[in-house]
1. Only one of these is modelled with pLDDT of 95 or more and under 15 Å from the mean Cα position of the chain (by Cα): 40, 76. Name it.
2. Could you please let me know if residue 20 is modelled with pLDDT of 65 or more and either outside any helix (DSSP H, G or I) or loosely packed, with under 13 Cβ neighbours inside 10 Å (or both)?
Amino acid sequence: MEANCLTSLELRNRLQPLMPDQTLARSRLRFGPKNYIVLGGALASLVLGYWLLSRGSTTLAPVLLVLGYCVLFPVGLAL
């Protein structure tokens, strides 16, 4: 019985057409000034939210944390 073994070169040649174009992925990861502003707002919201949480705030701290994690951070990555 003969084994069906692929060398790494054969495997790469078979998978190459299935892989997405890497240049497209790299071009979408370039951040502009808008991204940095929104991500900075997310960071500020998270820092303030955790600081307020450590001080005992049970209303504003969770709102700021949800705003930072669920709104500002994803928007900052998506812009």
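1. Result: 40 is the single residue among 40, 76 that is modelled with pLDDT of 95 or more and under 15 Å from the mean Cα position of the chain (by Cα).
2. Working: modelled with pLDDT of 65 or more: no; either outside any helix (DSSP H, G or I) or loosely packed, with under 13 Cβ neighbours inside 10 Å (or both): yes.
No, not satisfied.
The values are calculated or read from the model by the stated rules, or taken from the named source; none is laboratory data. Note that the structure is predicted; figures quoted are calculated from it, not measured. A quick note on method: Cβ atoms are made from the backbone with ideal geometry, for glycine too, and the neighbour counts reach across all protein chains shown.
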